[in-house]
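A.B. asks: This structure is in structure tokens; I'll ask about it shortly.
The values are calculated or read from the model by the stated rules, or taken from the named source; none is laboratory data. Computed from a prediction, not measured in an experiment: that's the story for all the values here. Here the Cβ positions follow ideal geometry from the backbone for every residue, glycine too, while neighbour counts run over all protein chains shown. The protein model used for the area step is the full one, side chains on, heavy atoms only, and it has no ligands, DNA or RNA in it. Shrake-Rupley method; radii C 1.70, N 1.55, O 1.52, S 1.80 Å.
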Amino acid sequence: MRYTRRSVVNLTPAEPGWDLELTRPGADSVLCPVIGWAVVVVDTTAGGDLETAIEPAFVYEGAIFTPGEFAHAVGELEYALIEPED
């Protein structure tokens with residue numbers, strides 16, 4: 001199988017209570033629930049090797065995104081993970 005940058009190759013559910021504070025330039029911050037942890041392709045080599053990273057998968061306006069997907073679709077963003085409270 002051929003993977004491209006930003007491909008999600010695995011997804012694990014997140015423990016309840018994780019949130020992501022999403023900030024876009026010129027817009028108010030939005031609190032989004034994190035529903036999982038995604039293994040995302042960051043880069044590939046000509047030989048087919050993959051470089052991956054773990055990113056939060058979050059819900060924004062009814063759709064599921066990773067930060068990389070969201071930035072690609074919408075543009076520049078900043079985010080902060082908020083851990084569940086004990």
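A.B. asks: Using the Cα gyration tensor of the chain, with a ≥ b ≥ c the square roots of its eigenvalues, what is the shape: rounded (a/c below 1.5), prolate (a/b larger than b/c) or oblate (neither)?
C.D. replies: Oblate, since a/c reaches 1.5 and b/c is not below a/b.
A.B. asks: Rounded to a whole number, what % of the accessible area of the chain do carbon and sulfur atoms account for, probe 1.4 Å?
C.D. replies: Here carbon and sulfur together make up 49 percent of the probe-accessible area.
A.B. asks: Loop only per DSSP, at most 13 neighbouring Cβ atoms within 10 Å: give me the GluC sites (Glu not before Pro) in the chain, ordered by residue number.
C.D. replies: Here the sparse-neighbourhood loop sites are E61, E76, E85.
A.B. asks: Follow-up question, since we're still on this one. For the chain, with every protein chain kept in place, what is the accessible area per residue (1.4 Å probe, Å²)?
C.D. replies: The answer is 68 Å² per residue.
A.B. asks: Of A27, S7, G68, which is farthest on the positive side of the dipole of the chain, counting Cα position, with +1 on Lys and Arg Cβ, -1 on Asp and Glu Cβ, and the Cα centre as origin?
C.D. replies: Farthest towards the positive end: S7.
A.B. asks: While we're looking at this one, here's another question. Go ahead and estimate [θ] at 222 nm for the chain from helices alone: -39,500 (n - 2.57) per DSSP H run with n ≥ 4, summed, over the residue count, rounded to 500.
C.D. replies: -2500 deg cm²/dmol
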